[in-house]
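What follows is one structure encoded as structure tokens, with my remarks underneath.
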Amino acid sequence: MERISAFGDDALGDLDATGLVDALRAGTVSKAELIEASIARVEKVNPSLNGLAYEAFDRAKARAGRRRPHGGFFDGVPSFLKDNVAVAGMPTMNGTDAWDKVPAAADGDLARAYLATGLVPLGKTQMSEFGFSAAAEHPRLGAVRNPWNTDHTAGASSSGSGAFVAAGVVPIAHANDGGGSIRIPASCNGLVGLKPSRGRLPLDRDMRQMPVRIVANGVVTRSVRDTAAFYREMEKVTAAPKLRPIGDVTGPGAQRLRIAVCTQSITREASPEVTELTLSTAALLERLGHRITVIDNPVPARFMDDFLLYWSFLAFALVRGGRRTFGPSFDRGRLDNLTLGLETFAARNLHRVPLATARLARTRRITARLHATYDVVLMPTLADPPPRVGHLDPTAPYEQIIERLVDWVAFTPLQNATGEPAISLPLAQTASGLPVGMMFAAGVGEEARLLQLAFELEEAQPWDRIR
């Protein structure tokens, strides 16, 4: 076991992104100092964590060195983007090495909005292959490890972002979520991770073309105020006219909420330790005056079968269209067993995909009834604490990988199907000191309510951070 920390007595200190903005405005640090400190921290911890997919240090230094302000609230704050969005001048490899690296000619829709907030990317972070696994353990690219204990996974698919923010390399990093990939690494690494409502933030074209838009962009942070500030600033640069604005959320709400508590995933009960921690969180909420009701999971068991069919169809499309999408160097022989197993599963079950997709699209009818009764639903983010590296080894037989994957992450995919927001908060730890996230879900457009509750819980029970 090794705990990895990049925190030190440099320009970054232990400040969050909002704190760095304050320091920049006060003149106590410069943009160049922040970028240099962050680069030094990457170089210090990446050999242990393996979170870096592509480095753009010279570009970041050049941007920080410009005298003219770039603009945006976070102007000068170092960050990273995940390796599945297009950023001009950087290759997009989706967590694999199955084709030759080719720099993108232009920023995608997400990068344009993200960079408009002033965040300065130091490069891209590592992820699981195409985001299909909840652990990044590529056979040639290596495993992304948890800074709380490097024997364990950092979660995925936004694994590098989660590991780097928790370890103190940067205070905020891009993540996206197609089955839990913001919330899973937030849970594993002791971070705040909000998956927003469908349509809240822009998607690059490939993600917009999905039959059900299960992917949502966002960030992982160490503080609620950074997450709230990010969404406030994104609303200034990108519109979501069909959704209620989040606005400037700066603290707890006054309303006492009707909160349902569920420790059963669609496939199983959470582990005894995680169940106990979830019920302890419910008790905290009750002490704060919220009304708590314990419920059974309202979603039918077939949901996971439908989601897996849809998930596998995405793999089928990527593998079968690989040369057209990624270029003539695409080599399916370099893909991992999970991707190839999903593709094979889809090929055998293509006749079932349309009905499964239609049922997924209708899942929101079930949760709409739930949210008509309860303002928020509390569940554990994951059924078990972060497993050891190797538990989701992508070179293992497909049947083993998928069984373990579905068993662990059965709480998070629901909101990807419904398009509803959900936030993972680092409110608990195992007896051995590993973070355990608590997930709060609400109706479409209710991110402000989730952020207000998150502020309240952060004040009532401040979470540990790596020092």
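Brief remarks on what is shown
- Among the residues making up the range 301-316, those that are in contact with a helix residue (DSSP H, G or I) (Cβ under 9 Å, 6 or more places away or on another chain) and open to solvent by 50 Å² or more (accessible area, probe 1.4 Å) are 302, 305, 313.
- Hey, residue 112 basic (Lys, Arg), open to solvent by 10 Å² or more (accessible area, probe 1.4 Å), at pLDDT 95 or above and over 17 Å from residue 325 (Cα atoms) or not: yes
- In the set (1) touching an Asp or Glu at 6+ places or on another chain (Cβ under 6 Å); (2) outside any loop (DSSP other than H, G, I, E, B), the condition left unmet by residue 161 is number (1).
- Of all residues in the range 47-71, those satisfying the criterion of being modelled with pLDDT of 95 or more, open to solvent by less than 50 Å² (accessible area, probe 1.4 Å) and touching a Gly at 6+ places or on another chain (Cβ under 9 Å) are 49, 50, 51, 52, 53, 56, 57, 60.
- For the range 80-95, the criterion of being in contact (Cβ under 8 Å) with a residue 60 or more places away in the chain, closer than 19 Å to residue 12 by Cβ, among the small types (Gly, Ala, Ser) and surrounded by fewer than 22 Cβ atoms within 10 Å (Cβ to Cβ) is met by no residue.
- First in the range 68-79 and without any contact (Cβ under 8 Å) to a residue 24 or more places away in the chain, second anywhere and open to solvent by less than 30 Å² (accessible area, probe 1.4 Å), Cβ under 7 Å, 6 or more apart: 69/75
- Checking 192, 144 one by one, the residue that is closer than 30 Å to residue 251 by Cβ, crowded, with 24+ Cβ neighbours inside 10 Å and among the β-branched types (Val, Ile, Thr) is 192 and no other.
- In this structure, residue 183 qualifies as in contact (Cβ under 8 Å) with a residue 12 or more places away in the chain, of a type in the set (D, E, K, R), open to solvent by less than 10 Å² (accessible area, probe 1.4 Å) and under 28 Å from residue 336 (Cβ atoms).
- The listed residue being within 24 Å of the chain's Cα centre (by Cα), of a type in the set (Ser, Thr, Tyr) and surrounded by fewer than 22 Cβ atoms within 10 Å (Cβ to Cβ), out of 271, 265, 280: 271
- Some residue of the range 214-234 being within 17 Å of residue 443 (Cα to Cα) and charged (D, E, K, R): no
- Residue ID - surrounded by the fewest Cβ atoms within 10 Å (Cβ to Cβ), chosen from residues in the range 195-234 that are basic (Lys, Arg) and closer than 15 Å to residue 113 by Cβ: 205
- Within the range 317-358, if we keep just the residues that are open to solvent by 50 Å² or more (accessible area, probe 1.4 Å) and of a type in the set (Ser, Thr, Tyr), the residue that is farthest from residue 392 (Cα to Cα) turns out to be 325.
- Taken over the range 341-362, residues that are touching a helix residue (DSSP H, G or I) at 6+ places or on another chain (Cβ under 7 Å) and either of a type in the set (D, E, K, R) or under 24 Å from residue 404 (Cβ atoms) (or both) amount to 12.
- Unique residue being farther than 21 Å from residue 222 by Cβ, in a loop (DSSP other than H, G, I, E, B) and of a type outside the set (S, T, N, Q) when the list is 58, 9, 100, 14: 100
The values are calculated or read from the model by the stated rules, or taken from the named source; none is laboratory data. What you see is a predicted model; the values in this text were computed from it and never measured. Note: ideal-geometry Cβ built from the backbone for every residue, glycine included; neighbour counts use all protein chains shown. Protein only, heavy atoms only, side chains kept; ligands, DNA and RNA dropped before computing areas. Shrake-Rupley method; radii C 1.70, N 1.55, O 1.52, S 1.80 Å.
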